[in-house]
Each structure stands twice: as C-alpha cells, then as structure tokens.
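Step one of this worksheet: look at the structure below.
The values are calculated or read from the model by the stated rules, or taken from the named source; none is laboratory data. Worth saying up front: this structure is predicted, and the values here are computed from it rather than measured. Cβ sites come from the backbone with ideal geometry, for glycine too, and all protein chains shown count toward neighbours. For the accessible areas, the whole protein counts, side chains as well, though only heavy atoms, and no ligand, DNA or RNA atoms are used. Shrake-Rupley method; radii C 1.70, N 1.55, O 1.52, S 1.80 Å.
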Amino acid sequence: MGDYNIQSISELRKLPILDKEMVRANYNEFIDVNLSKHKFSYTNTSGTTGTPLRIPVYKKGRQANYAFFERFKRWAGIAEQSRGVTFAGRVLVSPLAMKPPFWRYNYFNKNLQCSSYHLSDKNLYAYYEAIRDFRPDFVDSYPSSIYTVAHFIKERSLPRFSVKAVITSSETLLDYQRKIIEEVFSCRVYDQYGNAEQAAFICQCEAGSYHVNSEYGIVEFINPLTKMEARPGEPAELVCTGFTNRAMPLIRYRIGDIGILSNKSCSCGREFPVVEAISGRSDDLIITREGTVIGRLDPVFKGIGETVIESQIAQVSHEELVLRIVKGRNYSDLDGFKIREEIHKRTGCQFKIDLEYLNAIPREGNGKFRAVISMVNRKRKESSEG
C-alpha cells in the first residue's frame, strides 16, 4: 500500500475502503498487539444481515464512549443521576415468561431495565404501570419499543405522564414513531446513532439537527453506486474512521449504514457536520431494475393517521414489494389503497405491491425492528463482493 502521512480527509481517501468481511477474514491483524488482551471487553455487531462480528474494546475506549453519550444526554437536558428507563437488546427474563415482571431494577444507576422481547398486547398494561410508577426523568430505548408503549397509552386513553426527554438509538427512528412518542410523553425525542465498532457517533442537538461528533471519528458519505463522495441530500454509505477504540482501530470502515449529509449549518452554534438523516442499513434500500436507489419510505404513512400501528416494506424482487401491516382499530381498505398510492408516487408504478396483515412485525434476534428489508439489494451486494 505504500507509506502514508495522513494530514487531511482528502489524503485519508487515498486509503482503500475496509468492510466487515475483510475484518472478519483478517481478524487478529486489526487488534493492537501492544495492549493487554486480558483488559479487553467484547461486544458484538448486530449481525442483522450476516454473522455478528466480535469487537474487542479497551477499557479507556469504553469510558470514552460513555463520555460522549453523557454529553449527548446533556444536550437533551438530562442531568447526571437522573432516573431512567431503558429498552435494549439485553435478555433480562426468560423468553418463555408469561407474567410480569418483564424488567429489572438497577438501583445503583437509578435505572429500570425493560425487556424488548415481551411487548405483547396482554403485557403492555403491566409495562405502563411499571414505567409510570418508577417516575423516570427520561427513557433510553429502541424506537420501536417505546413507540409500542406510547401507542398503547394513546389508543387506550390511559392517564399520561411526562418525561424530560426520550432518547432513541439502534434502529432508524421513523417520523410517525417520533410524533406519537413526543405527544404521549410531552417531550422531545433525541435520536442517536452509534455502533459496536465505535466507528462513529452521531446525535441530535436541542435544535433538532443530527451532528457528527468529530472528536469521536471521521464520517465520509460515499455514493453506493458511483463509489464517489456523495452530494448533500443524496443517500450515501457511511465510511467511518473511529478515534476511541484503540483495541481495534478501524480506518475507512464501511459500517453498512446509510445516511444523508446536509450542507446546512445549525442554529445551536456547534460547528460539527450536520446530517440530514440516518436512513438505515445499506441492505435496506429499495433498488429498481434500472439501479435507482430509493431511500427512506416512511413518509408514505403521513396521510394515514393512526390506523397503522406498524409496517414493514419487503422488496422480494425488482417487480414486487410486500407491505406488512399491523392494523390499528380504525384501519380500512381505503388506507391500504392510500399507502399503495404513496409508494407508487415515490417508486413509479413498476412495483406490484402486496399487502400482508400481521398481529406483530417480526423482530431480529437482538430485538430490533427493521422498517425496510430488501432481498434484491442483499443479493446485489453479495454478488459484487463475491
């Protein structure tokens, strides 16, 4: 590869892009041999589209990650030692458990840790009571988990309680989720993007903008088709160079997620780069037969009101989409017609759209919800990498 004296982002781009399969194939070559491995802790990537990758994290790297998260919490107006409710991928109780509690108390951290795997209709009132009685200052959650609770509260007209802020992460936050969560809990939602590799940290400020935390790492936005630097406003692959995890430093690492860079400044006054949106996995973009990339499609539900509880768009071929829907109480056939119409406005009429009605959208093994799944894009990616 030659010798490089990297002094700028333009010089950084002389280096090749690294992907997860390269790391997996040469795993030990990416670990800092000068560090004592017995001081490592390990975390795993989500593995939603393949085998999870085990990531070593040195103690100081984990501390740095917590520090950035604490700063983000301050942006959201959350003070230290605040009482919090957490929904994440931890297995807290047996998946076979039929009765509450579906949560555990962490008294030291003033935290109510809730299972994301038991949020069924028959259990939601118990969750509601537990969270209400805990009286949290904030909630830290997968968007789909706290949205499920919020929708239940609103649909059942239950007495509401407010929190100072809701923090969401680990899934793409959809507009309809944000609307219901903010309405029910009378607060702002602050969304955050991070990853197990500690390659990037992107979060919302009090003005609502997403900011790349530049001290955490460099994030490049690369057009997935041209492989060149993306223009502001177009969907792009995130290529990340992280600064915090010395145990496994990754340079120009294609994380597998899609974001949209903005050319706007933010009224908060911070000079961090502004990101228009984080749009999900690179595997989850709709691809037309002509190769056009179609990103975030959740705006198709804006005119539907609250008749759809959840939905998932699955692209099974270049000609066919399957729209999986969990109906709300007032759902009608007209809503299905409107959704088809809105999708066709954004994709053209080339797709046949089948509607599939479910009681719940299946989650991934780690409890995460995915709004879009494209088998076409996965096959295309596998073919290009093969």
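The relative contact order of region 69-200, computed from alpha carbon pairs under 8 Å that lie at least 6 residues apart in sequence, is 23 percent. Computed in the context of the full set of protein chains, the accessible area of region 63-220 at 1.4 Å probe radius has 51% of its extent on carbon or sulfur. Calculated [222 nm] ellipticity per residue, helices only, for the chain: -7000 deg cm²/dmol; basis is -39500 (n - 2.57) per DSSP H run with n ≥ 4, divided by all residues, nearest 500.
Given the options LEU53, LEU35, LEU323, which has the most mean-square fluctuation in a GNM of the chain, springs set between C-alpha atoms less than 10 angstrom apart? Greatest mean-square fluctuation among the candidates belongs to LEU35. Pairs with C-alpha atoms separated by more than 32 Å, drawn from the list LYS39/LYS73; LYS164/LYS338; LYS20/LYS338; LYS39/LYS122; LYS73/LYS327, are LYS164/LYS338; LYS20/LYS338; LYS39/LYS122; LYS73/LYS327. Listed by chain and number, the aspartates and glutamates placed with their C-alpha closer than 13 angstrom to that of LYS99 are ASP121; residues fewer than eight positions away on the same chain are left out. Say we join alpha carbon atoms closer than 10 Å with springs in a Gaussian network model of the chain; which of LYS99, LYS338, LYS227 then has the biggest fluctuation? Comparing LYS99, LYS338, LYS227 in a Gaussian network model of the chain, the most mobile one is LYS99. For the chain, which longest stretch is free of loop sites, where a loop site is one of the GluC sites (Glu not before Pro) that DSSP puts outside H, G, I, E and B and that has at most 16 other Cβ atoms within 10 Å? Result, exposed sites excluded: 81-205.
Restricting to DSSP loop positions (anything but H, G, I, E, B) with no more than 12 other Cβ atoms inside 10 Å of their own Cβ, which chymotrypsin sites (Phe, Trp or Tyr not before Pro) remain in region 95-185? Sites meeting the loop and neighbour criteria: TYR107, PHE108. Solvent exposure of the chain, expressed per residue, is 49 Å² of accessible area, with all protein chains present and a 1.4 angstrom probe.
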